Amino acid sequence: MRWKNKKIPEGEFMDVRKEVLATWPTGKDVDLQDAIDYLKKIPDERNFAKKLEVAKKEGRTLAQPRAGVPLLDEHIELLQYLQDEGGCDLLPSTIDAYTRQNRYEEGEQGIIESQKAGRSLMNGFPAVNHGVHNVRHVVESVKLPLQARHGTPDARLLAEIIHAGGYTSNEGGGISYNIPYAKAVSIEKTLEYWQYCDRLVGFYEDNGISINREPFGPLTGTLVPPSTSNAVAIIEALLAAEQGVKSITVGYGQCGNLVQDVAAIRALEEQTEEYLHKYGYNDCVVTTVFHQWMGGFPADEARAFGVIALGSTAAALAGATKVIVKTPHEAFGIPTKEANASGIKATKMVLNLLEGQRMPSSQSLSHEIEIIKAETKCMVDKMFELGNGDLIAGTIKGFEAGIIDIPFGPSKYNAGKMMPARDNEGSIRYLMTGNIPFTKDLLDFNRAKLEERAKYENRKVDFQMTVDDVFAVGKGRLIGRVEGK
């Protein structure tokens with residue numbers, strides 16, 4: 001493990017690349033100079049990083065769905081449908097579960113079985129199995145920028161394939177694609193793997209190619225307090241910048257209280273830029289992504305559209321650079337392309353109606369931004385302190401100590417001592433803080449907000465609040481109230 005947050009020397013990086021590319025036969029088709037030449041031919045309007053930068057300057061919020069199927073032609077058909085019928089601004093390739101676990105042999109079998117069945121038997125697009133040539137076929141079949149979205153602790157070979165194939169954005173990070181996704185992969189290893197992914201993007205940047213990197217904001221997607229996800233995003237942004245990444249999109253998953261959601265995005269963008277400048281990364285473009293509701297969805301389609309519309313409203317009023325779109329079939333599993341397109345259309349309608357509008361300044365909004373920033377600073381600064389100024393060492397030690405503690409994370413490297421719950425206005429607060437190093441003022445604030453709810457509902461402040469809140473939206477409410485309230 002490289003215990004330092006330092007840019008990997010090019011010679012050392014190239015030596016590791018040989019090992020990475022040798023892990024599956026399609027790796028042999030990756031040629032960096034050929035990839036550079038290919039990427040330079042992609043026009044700006046189809047480059048993810050450049051399109052985001054333009055949107056930020058113009059104050060527009062772009063819409064991007066999730067989507068991916070295993071067979072090449074079907075995947076292209078799906079993306080074309082979302083582009084032409086759905087009217088999205090950016091395209092994804094959601095990667096399959098086998099690839100996420102580096103189980104490429106099973107991915108190969110999954111493709112064969114899907115071909116035999118004549119339908120998708122996998123939950124995404126196995127880009128590594130398809131290889132550079134087929135990935136380029138996807139890129140050349142659509143008119144919009146493409147991003148790989150996945151959940152892969154070790155995405156090194158995947159990153160090589162997608163970027164050489166023409167994808168100009170990759171989602172993930174050493175924390176955000178570990179703690180919410182894996183049980184027994186160490187933070188130490190995933191930070192190393194994602195240093196590689198970021199160094200690859202830095203290499204392309206050094207050769208004149210703009211490629212976007214996006215830490216995964218929602219984490220576990222269930223009652224994640226804004227300061228927890230913001231702290232992870234800032235750390236991953238700093239680690240990416242050290243490896244030469246210039247286009248960074250920091251993300252946040254909708255919590256449901258409109259003021260808190262707007263405050264979270266604004267605090268995230270401002271604080272990410274503050275930390276980047278503080279540590280000397282002055283040439284990065286920071287954009288933001290707002291993820292529509294990541295928790296349980298109502299089964300009723302009309303109610304699901306209501307959840308989608310609320311998320312679209314929050315994204316627009318916050319001034320997020322893009323919004324990740326949900327579908328009215330979230331409660332049933334993988335959506336049809338028609339349902340996916342419907343979610344995009346509903347989102348775009350709200351974005352169009354709110355174009356140019358922002359949530360006005362208010363005492364409650366300013367105070368929420370202040371609280372989120374203060375909580376975030378406690379966590380991020382403690383990571384630097386534990387690492388004696390080195391963020392890699394500090395992050396490893398910080399997770400061991402529970403300085404950042406992600407709710408409901410399956411990883412054994414996550415402390416699991418923090419528990420969230422909603423306050424009386426639906427904002428997510430810290431019910432139990434575990435070892436998170438908040439000041440007394442912040443601890444008192446969180447407790448007081450939960451006591452307000454407890455008094456209103458005539459109940460105790462306890463873990464049952466958390467349980468009730470987890471299931472509330474699926475039942476048609478934001479707050480898991482006791483019966484009769």
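The values are calculated or read from the model by the stated rules, or taken from the named source; none is laboratory data. From a predicted model like this one, the values you see are computed outputs, not experimental measurements. Note that each Cβ is placed from the backbone with ideal geometry, even for glycine, and that neighbours are counted across all protein chains shown.
Yes or no, residue by residue, for (1) free of Cβ contacts under 8 Å to residues at least 60 places away in the same chain; (2) out of contact with any Ser or Thr (no Cβ under 6 Å at 6 or more places or on another chain):
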| position | (1), (2) |
| --- | --- |
| Gly173 | no, yes |
| Lys189 | no, yes |
| Tyr196 | no, yes |
| Phe203 | no, yes |
| Pro215 | yes, no |
| Pro226 | no, yes |
| Gln260 | no, no |
Task: Residue count, the range 134-192 (criterion: on the phi > 0 side of the Ramachandran plot and surrounded by fewer than 24 Cβ atoms within 10 Å (Cβ to Cβ)) - done: 2
Task: Selected residue [farther than 30 Å from Phe13 by Cβ and in contact (Cβ under 8 Å) with a residue 60 or more places away in the chain] from Glu270, Glu242, Glu236 - done: Glu270
- [ ] Write out, first by first residue and then by second, each pair whose Cβ atoms fall under 8 Å of each other, whose residues are 6+ apart or on separate chains, and whose first residue, in the range 295-323, is surrounded by fewer than 18 Cβ atoms within 10 Å (Cβ to Cβ) while the second is among the aromatic types (Phe, Trp, Tyr).
- [x] Gly296/Phe471; Ala299/Phe332
Task: Residues of the range 162-176 satisfying the condition of being out of contact with any Asp or Glu (no Cβ under 8 Å at 6 or more places or on another chain), among the β-branched types (Val, Ile, Thr) and either over 13 Å from Ile95 (Cα atoms) or part of a loop (DSSP other than H, G, I, E, B) (or both) - done: Thr168
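Yes or no, residue by residue, for (1) β-branched (Val, Ile, Thr); (2) part of a loop (DSSP other than H, G, I, E, B):
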residue: Val245; (1), (2): yes, yes
residue: Val250; (1), (2): yes, no
residue: Val259; (1), (2): yes, no
residue: Asp283; (1), (2): no, yes
Open item on the list: Any residue that is assigned by TED's automatic domain parsing to the domain that holds Ser342 and touching a strand residue (DSSP E or B) at 6+ places or on another chain (Cβ under 9 Å) - is there at least one of those in the range 5-27?
Closed with: no
TODO: Report yes if Lys41 is in contact (Cβ under 8 Å) with a residue 60 or more places away in the chain and among the basic types (Lys, Arg), otherwise no.
DONE: no
Open item on the list: Based on this model, can you work out whether Lys51 counts as within 26 Å of the chain's Cα centre (by Cα) and outside the structural domain of Glu105 (by TED's automatic domain parsing)?
Closed with: no
Open item on the list: Go through (1) surrounded by fewer than 20 Cβ atoms within 10 Å (Cβ to Cβ); (2) touching a residue at least 40 places away in the same chain (Cβ under 8 Å) for Ala35 and report which single condition fails.
Closed with: (1)
Open item on the list: Being among the β-branched types (Val, Ile, Thr), farther than 17 Å from Asp462 by Cβ and crowded, with 23+ Cβ neighbours inside 10 Å is the requirement here; does Thr395 meet it?
Closed with: yes
Open item on the list: I'd like to know if the range 193-215 contains one or more residues that are surrounded by fewer than 22 Cβ atoms within 10 Å (Cβ to Cβ), under 14 Å from Asn414 (Cα atoms) and aliphatic (A, V, I, L, M).
Closed with: no
Task: Residue ranges of helices (runs of 4 or more DSSP H) in the range 315-414 with at least 3 members closer than 23 Å to Tyr177 by Cβ and outside the structural domain of His75 (by TED's automatic domain parsing) - done: 363-386, 391-401
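Only one residue in Pro153, Pro180 is outside any helix (DSSP H, G or I), in contact with a helix residue (DSSP H, G or I) (Cβ under 6 Å, 6 or more places away or on another chain) and not basic (Lys, Arg), so which one is that?
From the options Pro153, Pro180, the qualifying one is Pro153.
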Open item on the list: Within the range 264-278, does at least one residue satisfy the condition of being part of a helix (DSSP H, G or I), of a type in the set (Gly, Ala, Ser) and within 30 Å of Ile36 (Cβ to Cβ)?
Closed with: no
- [ ] Kindly check whether there is at least one residue in the range 60-69 that is of a type outside the set (Ser, Thr, Tyr) and over 24 Å from His329 (Cα atoms).
- [x] yes
